[in-house]
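First the structure, in the form of structure tokens, and then the observations on it.
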Ligand SMILES: Cc1cc2nc3c(=O)[nH]c(=O)nc-3n(C[C@H](O)[C@H](O)[C@H](O)COP(=O)(O)OP(=O)(O)OC[C@H]3O[C@@H](n4cnc5c(N)ncnc54)[C@H](O)[C@@H]3O)c2cc1C
């Protein structure tokens, strides 16, 4: 049986930063990172805009960043958490820079700070328009150098194991699927840290990669953790509308911060009708405004207009976006870029305290899968990489105590798994996934949501999925699809609860 002190599930910014900090401080602890695809296949590597940190103490202040975050979260952020994250940001940034992460500077050697929607100041540090990739690569390089960290790619965690002590659940291990060997195995561990990212793949239009199927939410829910605020899925207003791609390519918020306009079919700006901040309003406001415009015009997309911006500096600032557009035959200096809102970020998730501790002993959750209290109803742009760093730090500071409380004394009965069946029913699950994505898109974007009908449809999809597996007992696509159904049902139920509470108040 495999054994480790700490099992980290996920190799994005939160998992890697936690691993780095913990491995450095506690070389005596063994750390295993499991990730269901290749290590770099994460939301993190796709982040373009950057990371929000107050570095210009003359023009900017912690108080302003706190105020912007609270305003974006629309009354649902926890002020104590917002303060902790904003005030810790410079220290966490320093740690990233110390491992060689590079952020753009001007000719005077000052940070070249970007502006994004909802921010009252330029405060976004970025590495051109591939900030996440820069962070992911530097963290992966460091991680591979630690003798006490083992990084296991193509290892999908499929369930958490809990035992009960004094009527309370304690997490003691996990079952995982090794894609190369086609086997399911068990790993015994003193602590598990879920860093599994979001659930954008539940929707037909999303910027999230294929790995974002809400696994962490489903694993934690099955183990008995508390899941909250799943009704707050953030739609990013400027995903590139081109040929039904999944995931959709994102045109960063920073492009609007740089001066791009959103226009309709007639080339007219329309956001002022909805909010005086226009292109610089928060994402929820801009996405809703675009959706309303699309409904009233029956068009499929609106446009981002960059034609008035200086071509050379635009290309320098956004090389990845420019070359992606060029590949599709779109030249930002003379063409309008077609855009639609797309599911982008899960604001809710596994409820944790300020140290990333869940309701289950020995189980932490950090990064996008966690609901920390920072984002409220709507995440402020570039606050999520920051949140991942701060909560990875907090959890790393706290984990020593958790580990000290736990020893591998109790015995466990490990069930025998049948032979895994993988490839043949893969297409069948692809079709079911598409049905789920359409169902969730229709449900989430509808002004008159039918909660009961949506729940019934989810149950039907579940029955279909089970019927595919009857011959084979267990299949990996089934497990991933079941996770998606669990996350979808949580979104529907929590939307329903919120509507009921609003009606009653
Ligand atoms: C296109 C795009 C642009 C963005 N731009 C920005 C930005 O500019 N600034 C910002 O702050 N935020 C941005 N975000 C959001 C931000 O990138 C994410 O919130 C953040 O990277 C999440 O990091 P994470 O560590 O929580 O998870 P991720 O980076 O998503 O990593 C999740 C990991 O979990 C693994 N995993 C999942 N399930 C399992 C399982 N069952 N078993 C094993 N492994 C599993 C995955 O394989 C992956 O390794 C952007 C997001 C996208 C999609």
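Just so it is clear, none of the values below were taken in a lab; they were calculated from the coordinates. Note that the structure is a prediction, hence the values are computed from the model and not measured. When we count neighbours, we look across all protein chains shown, and the Cβ atoms used for this are built from the backbone with ideal geometry, even at glycine.
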- Message: As a footprinting exposure proxy, order 62, 103 by other Cβ within 10 Å, with the fewest listed first.
- Response: 62, 103
- In what order do 301, 344, 448 fall by count of nearby beta-carbon atoms within 10 Å, going from fewest to most? 448, 301, 344
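On full extension of the chain, what length is gained from residue 181 through residue 107, given 0.36 nm per residue of separation minus the C-alpha to C-alpha distance? Please list the in-between numbers first.
Values: separation 74, 0.36 × 74 = 26.64 nm, distance 5.20 nm.
Net length gain for the segment: 21.4 nm.
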- Message: What do you get for the angle between helix 476-504 and the principal long axis of the chain? Use alpha-carbon atoms, 0 to 90 degrees, nearest ten.
- Response: 60 degrees
- Query: Cα gyration tensor of segment 182-229, axes a ≥ b ≥ c as square roots of the eigenvalues: rounded (a/c below 1.5), prolate (a/b > b/c) or oblate?
  - Reply: oblate
- segment 49-79 and segment 337-410: distance between their alpha carbon centers, rounded to Å: 18 Å
- Item | Tilt relative to the chain, helix 79-98 - C-alpha long axis, 0 to 90 degrees, to 10 | 90 degrees
- Distance from the Cα centre of segment 215-229 to that of segment 115-152, in angstrom? 26 Å
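By average Cβ neighbour count within 10 Å, what is the ranking of 10-16, 351-357, 124-130, 107-113 from highest down? Walk me through the numbers before you get to the answer.
Numbers: 10-16: 31.3, 351-357: 20.4, 124-130: 23.1, 107-113: 12.3.
Going from most to least packed, we get 10-16, 124-130, 351-357, 107-113.
What share of the DSSP beta bridges in the chain is antiparallel, in percent to the nearest 5? Before the final figure, lay out each step's value.
Working: 37 of 60 bridges.
Here the share of antiparallel DSSP bridges comes out near 60 percent.
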- Peptide ranges 212-220, 164-172 listed from the most packed, as the mean C-beta count within 10 angstrom indicates: 212-220, 164-172
- Message: Order these by the 10 Å Cβ neighbour count, fewest first: 493, 484, 20.
- Response: 493, 20, 484
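Return a whole-number percent for the relative contact order of the chain, with Cα pairs under 8 Å and 6 or more residues apart as the contact set. List each step's numbers first, then the result.
Details: 1048 pairs, mean separation 105.6, N = 505.
It rounds to 21 percent for the chain.
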- Task: Find the centroid of the Cα atoms in segment 239-293 and in segment 189-210, then give the distance between the two in whole Å.
- Result: 25 Å
- Message: Counting pairwise Cα distances across the chain, what percent come out greater than 32 angstrom?
- Response: 40 percent
